[in-house]
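Every number in this text was worked out from the coordinates using simple rules, so none of it is lab data. Quick caveat, the model's predicted, so the values are computed rather than measured. All Cβ positions, even for glycine, are placed from backbone atoms using ideal geometry, and neighbour counts span all protein chains on display.
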Amino acid sequence: MKKEIKNAIMAGVVVAIAITGVAIYFMSLDKPGATDNSVLTQSVSANTTVSDESKYPVAPDLVGISGYVNTAPDALKNEMKNKVVLYDFWTYSCINCLRTLPYLEDWNAKYADKGLLIIGIHSPEFEFEKNIDNVKMAVQKYNITYPVVLDSDHATWNAFGNRYWPAEYMTDYLGHIRHVHFGEGDYDQTEKTIQALLDQRAQALGLDINANMSLVNLQPHEFSDQQTPELYFGYDFAAGRNYLGNQEGFHPNLTVTYTLPSNLQPDHFYLDGNWQNLSDSMKLSSDGGKIVLPYYAKDVHIVATGPGVDIQVLLDGKPVGSSDAGYDTQNSTVHVSENRLYNVISSQQAGLHTLTLVAKPGFQIYTLTFG
């Protein structure tokens, strides 16, 4: 997803960190949170001396924090002292971020007592993600036990010079940045870096701690080369990546009557009914309406909200069956009330299909995203 992050535009990104003894990789990155496993990794040796560490840049302070979850300001400041810190930039409506959470939680469980501190830096993409109650809801829903701070105005995001969700910055126990990773994937390398930095910390501080453990063994998400990119419904977010297929197009701050055309283009979404065009989303104002999308993917998610409405989900013109229903879809319907990501389709394998969402008044949608 893009401030993005979170998939339609390929941008050439050159990431350079002037650090002696560090391997630098130049890769073409999708927009933040892209399904492309873009990586900048920095090799770390447990034998690196304290004098060597001074050659690495120091992580910036956490600034502009508007709220704390699972911690408090003074407690977090004290907890960071002499710790290997993994800063995870995320936002709770980003599917790419959510798929990294099981790894983060497992690392927290394995290494917290050995000197690792994970801090989730929640830097929102949408306005509703600035609400601390929504963030607390997500923290509880996804069983996040490590500290989470709200970077609602992207002050810490900017201090790090970050551009992506998810993004990881890891420091040694002295606060020097030793590892950077953008997007999903490369979990083994990240965990090996955690272990190396923890062993280095134990050696420097004279601690009898050994972090060399078997690596987390989870099944990473598999991506398809043909996968439909993330689709944005807000006119501000769709600039430069407009996949609205209706000839009526976007009309900022107006309510537009959309009609389905006879021919539908793959990877474009089509509207039927009266939809209010908002900067970050579209909201149905007529008694009924539809969203129709020919797509290629395994999973389909929507970021949406509504006044407790049931949205019917059709796959290839029929009510979606249990074998293709997402975990938020029951009896071919999704109950939409909270501001969050909903999984509407989860097929056994990626394929070409047509999704139809039959909506009700008040339904508001921000993105369609895929996996």
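Of all DSSP beta bridges confined to the chain, the antiparallel ones make up roughly 85%.
For the residue pairs LYS77/LYS298; LYS55/LYS141; LYS77/LYS283; LYS55/LYS130; LYS110/LYS141, alpha carbon separations beyond 31 Å are given by LYS77/LYS298; LYS55/LYS141; LYS77/LYS283; LYS55/LYS130. Once the Cβ-Cβ distance of LEU260 and LYS77 is raised to the sixth power relative to R0 = 51 Å, the FRET efficiency obtained is 0.40.
Close amide-amide hydrogen proximity is noted between ALA359 and GLY289, LYS290, ILE291, each under 5 Å apart and 5 or more residues distant or on a separate chain (H modeled in the peptide plane; Pro and chain starts excluded). Just to verify a number: FRET efficiency for ALA239 and HIS335, C-beta to C-beta distance, R0 = 30 Å, to 0.05? My answer for the efficiency is 0.40.
Rounded to the nearest whole Hz, the Karplus-based 3J(HN,Hα) values (6.51 cos²θ - 1.76 cosθ + 1.60, θ = phi - 60°) of region 135-145 follow the sequence 5, 4, 4, 5, 4, 5, 4, 9, 6, 7, 10, with x at glycine and proline. The LEU215 and THR145 beta-carbon pair, evaluated with R₀ = 22 Å, returns a calculated FRET efficiency of approximately 0.60. Summarising the label geometry, the points placed 7 Å from Cα in the beta-carbon direction at SER323 and GLN349 lie 1.2 nm from one another.
Residues in region 304-320 carry Karplus couplings, in order, of 7, 8, x, x, x, 10, 9, 9, 7, 10, 10, 10, 6, x, 10, x, 5 Hz; the curve used is 6.51 cos²θ - 1.76 cosθ + 1.60 with θ = phi - 60°, and Gly or Pro positions show x.
Most tightly packed first, judged by the mean number of other beta-carbon atoms within 10 Å of their residues, the peptides 300-309, 333-342, 88-97 read 88-97, 300-309, 333-342.
Positive contributions from Lys and Arg (+1) and negative ones from Asp and Glu (-1), summed over other residues with Cβ under 15 Å from the Cβ of VAL292, come out at -2.
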